[in-house]
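Every read-out reported here was derived from the displayed coordinates using simple, explicitly stated rules and does not represent laboratory data. Computed from a prediction, not measured in an experiment: that's the story for all the values here. Glycine gets a Cβ as well: all are built from the backbone with ideal geometry, and neighbour counts include every protein chain shown.
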Amino acid sequence: MNSYYDLLGVPPNATEMEIRSAYGRDVLRLQETASDSKVAQFRAALDGAFATLVDPAKRSAYDAELASALQTNAVAASGDADEAFRYARRGGLWFAVGGLITALTYAFSQGTYIIAWGPLLFGGFQLVRGMLRYLTVPSGARKSSQLAMLGGLIAVGILCAAFVGVSEGQASQEAASLGKWNAMIDATALQVTQASELVNGVASRPGPWDANDSADMAKASALYASVADAVSSASAPARFEWYRAGMSKNFRDAATITHEYSLLSSSSPASAFEALDTRWGARVDEANSFSDRFEAQEKKSP
């Protein structure tokens, strides 16, 4: 028990009648209990508490001593809280600094980061020990400003770790997407080469347009359409999405134009050839602009 009032189960401002009533109730309960040394000790404590609290002079002196003891305990608790806070704060600072080092090296080195294991582990250990000790002191001795600072330090460390973790997860997903994208490019590279050779062969072939030219353009159209389908259905890293969408349309346009070339004959008007030539030139320019933009973004050719 902390005090005579706690022993009797009455508040510090209890009246003499309330004290006598509580004492009588406890004595009756003790009489119903088998006698042993513990019961005798408790009865002696009850008698001492009753004798002190029903005597005004003794009660006044006891209250003064109790108030002094409570004040001393409060001061001691405040000192313990401050010491535990300083301990936890040091750990929190180490923990937060470790998290910041990890996050900053990750942010400014394009995914190659340094995990500051020393500060994180040392700070985390001190932080946990300090917090466990800090939370054992009476709640009245803990200051809201101290709790806010500790919470902020913990939040900094956790947010930094979360930033790295989420970024790593996204990087892993993007790497998987990049692998699929590159696999699609490898799978369609031969078709693109064959289609380009067919178109270039027709363009460099002397003489008037003939059935062989139309047949080669039909083959090129089928190849371009197949590549367009592959690019359209492929998944690409987010930063390549504009390039995937643009080249899908560009290959589709190539398939359409070469198909229209395949429908021409030697008797087709020159204006029909010129119109398709203009459209083909615009498509090639568009593809080159995509290539230039990609190279500017990635510092390498697509």
Looking only at lysines whose Cα falls under 21 Å of Lys219's and that sit 8 or more positions away or on another chain, we get Lys249
Nearest 10, in degrees from 0 to 90: the angle of helix 16-31 to the longest Cα principal axis of the chain is 90 degrees
To the nearest 10 degrees, the tilt of helix 117-134 (Cα long axis) against the first principal axis of the alpha carbons of the chain is 30 degrees
Put in order of increasing Cβ neighbours within 10 Å, starting from the fewest, Ser167, Ser248, Ser145 give Ser145, Ser167, Ser248
Counting only backbone N atoms under 12 Å from a point 7 Å out along Cα-to-Cβ of Ser291, the residues of segment 170-190 in range are none
The chain: longest segment with zero exposed trypsin sites (Lys or Arg not before Pro), where exposed means DSSP loop plus at most 15 other C-beta atoms within 10 Å, is residues 144-298
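Below 8 Å between Cα atoms, with a sequence gap of 6+, how large is the relative contact order for segment 146-302 in percent?
Dividing the mean separation by the residue count of segment 146-302 yields 21 percent.
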Matching label for the computed Kirkwood radius over Cα pairs in Å, out of (1) 21.2; (2) 28.2; (3) 19.5, is (2)
Proxy exposure order for Ile185, Ile154 (fewest C-beta within 10 Å first) is Ile185, Ile154
In deg cm²/dmol, rounded to the nearest 500, the helical mean residue ellipticity at 222 nm of the chain, built from -39500 (n - 2.57) for every DSSP H run of length 4 or more, is -29000 deg cm²/dmol
Total charge of the residues flanking Asp55 in space, meaning their Cβ is under 15 Å from its Cβ, with Lys and Arg +1 and Asp and Glu -1, is -1
Nearest-0.05 FRET efficiency for Ser226 and Ser265 at R0 = 25 Å, using Cβ-Cβ distance, is 0.50
Here the relative contact order (percent) of segment 227-302, from C-alpha pairs under 8 Å and at least 6 apart, is 28 percent
Between the Cα axis of helix 37-53 and the main Cα principal axis of the chain, the angle (0 to 90°, nearest 10) is 80 degrees
Where a ≥ b ≥ c are root eigenvalues of the Cα gyration tensor, a/c under 1.5 meaning rounded, otherwise prolate if a/b exceeds b/c and oblate otherwise, segment 1-54 counts as prolate
Using alpha-carbon positions, the gyration tensor of segment 243-290 gives root eigenvalues a ≥ b ≥ c; with a/c under 1.5 called rounded, otherwise prolate if a/b exceeds b/c, else oblate, the class is oblate
Note on the chain: contact order normalised by length, alpha-carbon pairs under 8 Å, 6 or more apart, percent, works out to 12 percent
